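Take a look at the structure below.
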Amino acid sequence: MKSATLINSPGGFYTPKDLLHCAGAAKNHGLYLGQRQNIIIPDVSFKHSELQKLSGSIVSEDYYNHTNNIVCSHAAGGLGENNDWAYCNDTYLEILTQIHSSGKLKVNLCSREQSLFPIFSGQLNFITAEEEGYWHLVVNVSNQRQLLPFLFRSNQVHQVIKLIDDQYLPDALLDAEKIMALLSKQLIIEKQLPELELHARHPSDYEGFQQMKNGKFSLNIFSNHKIWDPIFISELCELSSKQGLERIYLTAGRSLLLKHIEENLCFEWQNLIGRHNITLRHSEQDLSWMVPAEKRELVHIKEKIIQRLHAGGLSFLGLYIALDPAEFECGAQIIINTHKQADKYTYQLFHKEDFDYRRCLFICDGIELSFEQLLDSLYSLRKMFFLHSSREKVVVMQALKASVDTEEEMYIYQCPNCLTQYHEAVGQPHIGIAAGTPFMQLPEAWACELCETNKKAFTRISSL
């Protein structure tokens, strides 16, 4: 693509009106779905008149010089067995409205209860804690996950992002130890947890119509890495508006998802899909691939591999394969990286330890492989997956340990209303709070002695 536009909507959802503007800009070119819930329009300027009509939260940028979108698993809410408190309580939406960062960092807001979105594909990965209202933070440094020992309240997430974003230049290497020290000094951290439990989730794409928990239906439409027809997108938007559907979701670069369709109106969607000759039953091999659809050479390589694998009649059910992903932590168990010299490709091949996305380690299976060697290796990995892979019920991530200096440093906290201060070094012995008691260890019912302001409103102002 000589020129292209990338459109970011934080959280990956669009109103029918906004998506209709995108289709209008893509009228003569079509559009692709990006890997971070965004839209890519080839050969169109981001200053196109239709794109100037987008809502204020949606950003239209140069594809080759853009900021990062915020990936959010809100779209997975209500699907299958997903029990996501952040979706049920509208916490995702509250956090998204509070975030005003520059987009230098790749941020994920994900529930660990779902399998539709990869939860570690960002640099900052906020993952729902078991306790409602709190989030773990996993920092991705050079494809190494590092879990911080802190639990952040939902209303602190935007502060965490801003503090870290202000400290780092684009593409700078994050330092989890420095981030941990920064956050411990700037925020009131009430809870710490030394580990994160990740339960096994059966992967599902929810393709086609699926009944939701509320009795209504979702519709998930895949393009199989093909360009989307703007006419179809326009008619999809018009039908969404007609049926009162307020949001159209983009999943992680793979599909368009609609939710809360009335059962008696599903036939209207069936008619739309039929008129445009769209399939809702892709093969397992089609759905197993993660490829940047706008990079057509990679799509051709994928199709060539699938054709050869299909000829062998082998099942790849349950395996996800990524081709030149922007991040290794894209949720795939197998990664293929390409290298082109002149007109010849060679390949690098990696797979996850135990083929389990919850594991951090990738194992190299070959470098500078020819196409035939790549196929042979994929056959071997497929056999290994079905014969030897195991999936433990729970995988436990251990958190970094806070430094001694961080743990021993004493702070002063101040009431925002009457300016009363709490000194950790002094405590409040007259009511049984010993000197040296950290603010975060004060009882939940503790409040300002003078005006009874809740401790959650207090602000850290200095260290002793």
Notebook entry, point to check: List the pairs whose first member sits in segment 73-89 and is under 15 Å from residue 250 (Cα atoms), whose second member is among the polar types (S, T, N, Q) and in a loop (DSSP other than H, G, I, E, B), and whose Cβ atoms are under 7 Å apart, counting only residues at least 6 apart or on separate chains?
Noted result: 73/111; 73/114; 75/251; 76/82; 76/111; 76/114
Next item on the list: Only residues that are modelled with pLDDT of 95 or more and buried (at least 18 other Cβ atoms within 10 Å of the Cβ): list them for segment 240-254, please.
Entry: 240, 245, 247, 248, 249, 250
Next item on the list: Taking only segment 427-448 into account, find how many residues are closer than 23 Å to residue 183 by Cα and either touching a Lys or Arg at 6+ places or on another chain (Cβ under 6 Å) or part of a loop (DSSP other than H, G, I, E, B) (or both).
Entry: 8
Check: Before we move on, is residue 9 surrounded by fewer than 24 Cβ atoms within 10 Å (Cβ to Cβ) and either closer than 29 Å to residue 214 by Cα or in contact (Cβ under 8 Å) with a residue 24 or more places away in the chain (or both)?
Finding: no
Check: So which residues in segment 321-365 are surrounded by fewer than 20 Cβ atoms within 10 Å (Cβ to Cβ), over 27 Å from residue 105 (Cβ atoms) and among the aliphatic types (A, V, I, L, M), if there are any at all?
Finding: 342, 363
Next item on the list: Kindly indicate which of 306, 231, 278 is outside the structural domain of residue 385 (by TED's automatic domain parsing) and either assigned to a helix (DSSP H, G or I) or crowded, with 20+ Cβ neighbours inside 10 Å (or both).
Entry: 231
Checklist line | Positions within segment 234-259 being touching a residue at least 60 places away in the same chain (Cβ under 8 Å) and part of a loop (DSSP other than H, G, I, E, B), in sequence order | finding: 245, 246, 247, 251, 252, 253, 254
Checklist line | Restricting segment 78-103 to residues that are of a type in the set (Gly, Ala, Ser) and in contact with a strand residue (DSSP E or B) (Cβ under 8 Å, 6 or more places away or on another chain), the residue that is surrounded by the most Cβ atoms within 10 Å (Cβ to Cβ) | finding: 86
Item checked: Residues of segment 172-216 classified as surrounded by 15 or more Cβ atoms within 10 Å (Cβ to Cβ), closer than 30 Å to residue 255 by Cβ, modelled with pLDDT under 90 and touching an Asp or Glu at 6+ places or on another chain (Cβ under 9 Å), total -> 1
Notebook entry, point to check: With (1) within 30 Å of the chain's Cα centre (by Cα); (2) buried (at least 18 other Cβ atoms within 10 Å of the Cβ) as the list, and residue 413 as the residue in question, which single condition is left unmet?
Noted result: (1)
Notebook entry, point to check: Does residue 20 meet the test of being crowded, with 18+ Cβ neighbours inside 10 Å, in the same structural domain as residue 216 (by TED's automatic domain parsing) and out of contact with any strand residue (DSSP E or B) (no Cβ under 7 Å at 6 or more places or on another chain)?
Noted result: yes
Next item on the list: Out of the residues in segment 217-228 that are assigned to a loop (DSSP other than H, G, I, E, B) and not aliphatic (A, V, I, L, M), state the one that is surrounded by the fewest Cβ atoms within 10 Å (Cβ to Cβ).
Entry: 226
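The values are calculated or read from the model by the stated rules, or taken from the named source; none is laboratory data. What you see is a predicted model, and the numbers here were worked out from it, not measured in a lab. As a convention, Cβ positions derive from the backbone with ideal geometry for all residues, glycine included, and neighbour counts pool all protein chains shown.
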